[in-house]
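The values are calculated or read from the model by the stated rules, or taken from the named source; none is laboratory data. Bear in mind the structure is a predicted one, so any value in this text is a computation, not a measurement. Every residue, glycine among them, receives a Cβ derived from its backbone with ideal geometry; neighbour counts consider all protein chains shown. Only protein heavy atoms, including side chains, enter the accessible area calculation; ligands, DNA and RNA are left aside. Shrake-Rupley method; radii C 1.70, N 1.55, O 1.52, S 1.80 Å.
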Amino acid sequence: MPITKFKHIKNLAVFLDFDWDRSLRDEGNNIVTFNPINIFYGRNYSGKTTLSRIIRALETGKISEKYENPEFSVSIQGESDANQINLTGHNKKIRVFNEDFVKDNLRFISNSDENIIPFAILGGNTSLEEEIAKLNNELGNSDEESPTGFYLELSNARKNYTSTKNRHKSAIDQLDKQLSQKAINREIGIKYKPERFGDQNYTKTKLENDIKTVLVKDFQPISNIEQERLLKLLDEKPNNTIPTIQLPVFSFDKFITEANKLISQSISESGKIEQLVKDSILNRWVKEGKNIHKGQLEDCAFCGNEITSARWADIDRHFDEESEKLTQSIELLIDKIDKEISFSETTNIQKDYFYSKFHTKIDQLEILYSRVVSFYINSLYEIKSQLISRKDDIINSRIFNAPRDYSGRLLWIYQIYENIRNSSNQYTNKLSSDQNNAKISLRLREVYDFTATIQYINECASIAEIKIELDEKEITGKGISNKIQAHLKLIEDKQRLMNDEEKGALKVNEYLNNYFGHDFLALKAIEEEDPNSKNKKIRFEIIRNNKKAHHLSEGECSLIAFCYFMAKLEDIETKGSKPIIWIDDPISSLDANHIFFIYSLINSEIVSRKEFEQLFISTHNLDFLKYLKRLPGASNKNESKYFIINREHEQSTIKLMPRYLKDYVTEFNYLFHQIYICANADLDDEQQHFVFYNFANNTRKFLEAFLFYKYPNAIEKDDKLLRFFGDNKQASAMTDRINNEYSHLEGIFERSMIPVDVPEMKKIASFVLKRIEDKDKEQFEALLKSIEVEIAE
């Protein structure tokens, strides 16, 4: 529906603070909205005209300045709410009949010196009619279900646009979903891995900014190796200070000096056994034999011959104290070299003391140390080898060949280690900062991989392509819409050339004559010179007996005003537009016949012809309300809605029309229904007790009406109840007692101090229904049908 509700009304006449959603709820507590046909009932001064003025403000674009700080909001489906600030922002054609319409258009009614504003209905011009028909044919039908012509093109363009828009939205939504999940999903989101990516307040917006960073041309993500290194860095905890290592003292220089001295040292050859001097192997063999035989064997263990004292003397002179001392010195130096070798092979480097970022350097340093120390040990072995050779040939001196000294390089390696140790100790203060930077690098690598996984660039390109397509379809739709507007403007211009105010007056007269039989009253279009232009000026006058009419009755004014409004629905600005129509209490000062004619005019010219988008009718008259219930679709809850405007003191509100007013054709039917409910009520159901409290008044009023038409004779002191109940005097007496005692408190005030006799009332209700059925079964069944009670076979 175009208009769905009055959202709120404040400081507007009797509507001081009305809220639709609070007041308009159905039995299921759902908010009620307007239907295509909407009927309002309200007593005079309840606020019917105020509602019509709100809708007329949407038609004219202005509201009376006499209202102080008025506020209202009207909900329109598919558009923004209309309010006192934005009255013309909607796109609806609205036509309102109320007293303001009459004052603005039929000033003659309130002042006989004024005229009636003329309006034009399309006149006859065959050529223009053909052109307009051709244009209308090209324009086509704007019906939403089966459009034709340009409207069909527009419909197809809108469908294409909507389809493309949905694809565009779907693509954006899909990408947004992926971004949101990557940013804030509890399972995979960056936000929930702050220990790795560093931002526990991470959002989709931040992800989009990171994506911009990683998609820059010169951005290089960290490698897999670097990624592993940074992950290890994140596991680091502040280390204890790594103690310094005591630098080793290498004795290579001393070994060189001592070895050179020992190897090159000469021993006196006097007293030496020449054969042993010349043969170092034999010399070593004899020395070992001396140690074996001396003081232990008298004979040679090898040849068995006796070793003489002279031979022992020769041997002792050969292996004298000098050579023994040199041998001991060589052995002592060899021992020192062996200790140096053992000492050099080990280091005090503990890699675990260092942060992971230094492990690679430590590993490289250990490899370098291992290599250099092997060179150093080889040099020591070369010294040792020369010493052993001299020891084996102690008599003969030799030339010492000094090997390369690697001890300096080893000390240099230890210095490098010391530098790494200092760096690692100093790194403790920088660890937190580097871990933060590591998290950023890891996050950007994660984002970079994510963009590759979801093919972010391709998705954005696809969305951009769809957007271009969407823009093209929007331009196409606007082009067709502009073409339609141009055609409508051209049709309007050609229609303006066919304007015929005379036909407007004739249309009013047609309604006056055909529906109301007022052939003595007529509206006449009078042409006169316009002093402000060269064109003719048209004005309407009300004519009675070919003379300008004066002193019109209120009923005549009402008839002319409404016929004028109905005819104006066919003027060039309204005809064929299916406007929203609001008719406010059109039966003022009219008798029953004219009320029916007003209903007939609305039914035939508006409702039956479906010449409206939405229809609102308000009235204070129950007879007119009765007729309105006969409108096509009036009984269909999907087509029509009924409302009542209630005023309490100085404030009014809108409610759903109660059943007693909406469902019954007359009050007579309603009263019969209440008696029927009472007769069939459950005595134990507290929800139905209101029926018994209202029973006396309802029954009295029903029987007064029923018995008057049953016995219309005017006999004095005629006991119609007795005649109605026949021989059942008990029923007559009980009914009369209830009618008099329970429907009045005057004179028997004590009745109000005791509860009603419920069983008694239920019995009387059954008496009444049974008697009506016995008296006139056909009428009884008709009454049952009127309250929708199924008649048993």
Taking the range 209-240 as the search range and keeping residues that are loosely packed, with under 13 Cβ neighbours inside 10 Å and of a type in the set (Asp, Glu), which one is farthest from TYR355 (Cα to Cα)? ASP218
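Specify the residue that is surrounded by the most Cβ atoms within 10 Å (Cβ to Cβ); the eligible residues are those in the range 247-257 that are touching a residue at least 12 places away in the same chain (Cβ under 8 Å) and of a type outside the set (Gly, Ala, Ser).
Residues of the range 247-257 touching a residue at least 12 places away in the same chain (Cβ under 8 Å): 247-248, 250-253, 255-256.
Checking the rest, the ones that are also of a type outside the set (Gly, Ala, Ser) come to 247-248, 250, 252-253, 255-256.
Working: LEU247: 12, PRO248: 16, PHE250: 19, PHE252: 22, ASP253: 10, PHE255: 24, ILE256: 16.
The extreme case among them is PHE255.
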I'd like to check something: does the range 425-435 contain any residue that is among the small types (Gly, Ala, Ser) and either modelled with pLDDT of 90 or more or in contact with a helix residue (DSSP H, G or I) (Cβ under 6 Å, 6 or more places away or on another chain) (or both)? no
Can you run down the residue pairs with Cβ atoms below 8 Å, 6 or more apart or on separate chains, where the first is in the range 370-395 and over 21 Å from ASP253 (Cβ atoms) and the partner is outside any helix (DSSP H, G or I)? SER389/ARG398; ILE394/ILE267; ILE395/ILE267; ILE395/GLU269; ILE395/LYS272
Going through the range 593-614 in order, the residues found to be more than 45 Å from the chain's Cα centre (by Cα) and not aliphatic (A, V, I, L, M) are ASN593, HIS594, PHE596, PHE597, TYR599, SER600, SER604, GLU605
Between residues in the range 443-459 that are over 16 Å from SER223 (Cβ atoms) and residues that are open to solvent by less than 40 Å² (accessible area, probe 1.4 Å) and of a type in the set (S, T, N, Q), which pairs lie under 8 Å by C-beta distance while being six or more apart or on different chains? ILE457/THR451
Being surrounded by 12 or more Cβ atoms within 10 Å (Cβ to Cβ) and closer than 30 Å to ARG371 by Cβ is the filter here; which residues of the range 420-446 pass it? ILE420, ARG421, ASN422, SER423, SER424, ASN425, TYR427
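Check GLN84, GLN77 and return the single one that is touching a strand residue (DSSP E or B) at 6+ places or on another chain (Cβ under 8 Å), open to solvent by 70 Å² or more (accessible area, probe 1.4 Å) and at pLDDT 80 or above.
Residue meeting the stated conditions: GLN77.
Please determine, by comparing only the residues of the range 210-224 that are free of Cβ contacts under 8 Å to residues at least 60 places away in the same chain and within 18 Å of ALA438 (Cα to Cα), which one is nearest to the chain's Cα centre (by Cα). Steps first, please.
Of all residues in the range 210-224, those free of Cβ contacts under 8 Å to residues at least 60 places away in the same chain come to 212, 216-218, 220, 223-224.
The next check asks that each one be within 18 Å of ALA438 (Cα to Cα); those that pass are 220, 223-224.
Working: GLN220: 37, SER223: 40, ASN224: 40 Å.
So the residue we want is GLN220.
Out of the range 63-90, which residues are assigned to a strand (DSSP E or B) and more than 25 Å from the chain's Cα centre (by Cα)?
Initially, the range 63-90 is screened for residues assigned to a strand (DSSP E or B), giving 71-76, 82-83.
Hits for the range 63-90 are GLU71, PHE72, ASN83.
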Go through the range 185-202 and count every residue that is closer than 13 Å to VAL447 by Cα and under 22 Å from the mean Cα position of the chain (by Cα). 3
Take ILE399 and decide whether it is among the aliphatic types (A, V, I, L, M), in a loop (DSSP other than H, G, I, E, B) and over 60 Å from the mean Cα position of the chain (by Cα). yes
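Just give me the residues in the range 399-414 being touching a residue at least 24 places away in the same chain (Cβ under 8 Å) and open to solvent by 40 Å² or more (accessible area, probe 1.4 Å), in sequence order. Break it down into steps so the answer makes sense when it comes.
Pass one, the range 399-414, residues touching a residue at least 24 places away in the same chain (Cβ under 8 Å): 399-400, 402-407, 409-411, 413-414.
Matches in the range 399-414: ILE399, ALA402, ARG404, ASP405, ARG409, LEU411.
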Scanning the range 614-650 residue by residue, those open to solvent by 30 Å² or more (accessible area, probe 1.4 Å), part of a strand (DSSP E or B) and at pLDDT 90 or above turn out to be LYS641
Being more than 18 Å from LEU410 (Cα to Cα), of a type in the set (Phe, Trp, Tyr) and not in a loop (DSSP other than H, G, I, E, B) is the filter here; which residues of the range 331-376 pass it? TYR353, PHE358
Does at least one position in the range 556-565 carry a residue that is on the phi < 0 side of the Ramachandran plot, in a helix (DSSP H, G or I), free of Cβ contacts under 8 Å to residues at least 40 places away in the same chain and more than 45 Å from the chain's Cα centre (by Cα)? yes
If you scan the range 380-398, which residues turn out to be of a type in the set (S, T, N, Q) and surrounded by 19 or more Cβ atoms within 10 Å (Cβ to Cβ)? GLN386
Determine the pairs where a residue that is under 14 Å from TYR456 (Cα atoms) and among the hydrophobic types (A, V, I, L, M, F, W, C), located within the range 166-185, has a partner that is at pLDDT below 90 and open to solvent by less than 50 Å² (accessible area, probe 1.4 Å) with Cβ atoms under 8 Å apart, the partner being 6 or more residues away or on another chain. none
Enumeration of residues in the range 12-62 that are surrounded by 13 or more Cβ atoms within 10 Å (Cβ to Cβ), assigned to a helix (DSSP H, G or I) and not aliphatic (A, V, I, L, M): TRP20, SER23, LYS48, THR49, THR50, SER52, ARG53, ARG56, GLU59, THR60
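Residues in the range 319-330 that are open to solvent by less than 70 Å² (accessible area, probe 1.4 Å) and part of a helix (DSSP H, G or I): how many?
Let us first name the residues in the range 319-330 that are open to solvent by less than 70 Å² (accessible area, probe 1.4 Å), namely 319-320, 323-324, 326-327, 329-330.
When the remaining residues are screened for being part of a helix (DSSP H, G or I), the result is 323-324, 326-327, 329-330.
Counting residues in the range 319-330 that are open to solvent by less than 70 Å² (accessible area, probe 1.4 Å) and part of a helix (DSSP H, G or I) gives 6.
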Check off (1) surrounded by fewer than 19 Cβ atoms within 10 Å (Cβ to Cβ); (2) modelled with pLDDT of 90 or more; (3) closer than 30 Å to GLY555 by Cα; (4) not hydrophobic (A, V, I, L, M, F, W, C) for THR148 and give me the number that stays unchecked. (3)
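Go through the range 197-210 and count every residue that is farther than 16 Å from ARG186 by Cα and touching a helix residue (DSSP H, G or I) at 6+ places or on another chain (Cβ under 6 Å).
First, the residues of the range 197-210 that are farther than 16 Å from ARG186 by Cα: 205-206, 208-210.
Right, trim to touching a helix residue (DSSP H, G or I) at 6+ places or on another chain (Cβ under 6 Å) and you get 210.
Summing the residues that are farther than 16 Å from ARG186 by Cα and touching a helix residue (DSSP H, G or I) at 6+ places or on another chain (Cβ under 6 Å) in the range 197-210 gives 1.
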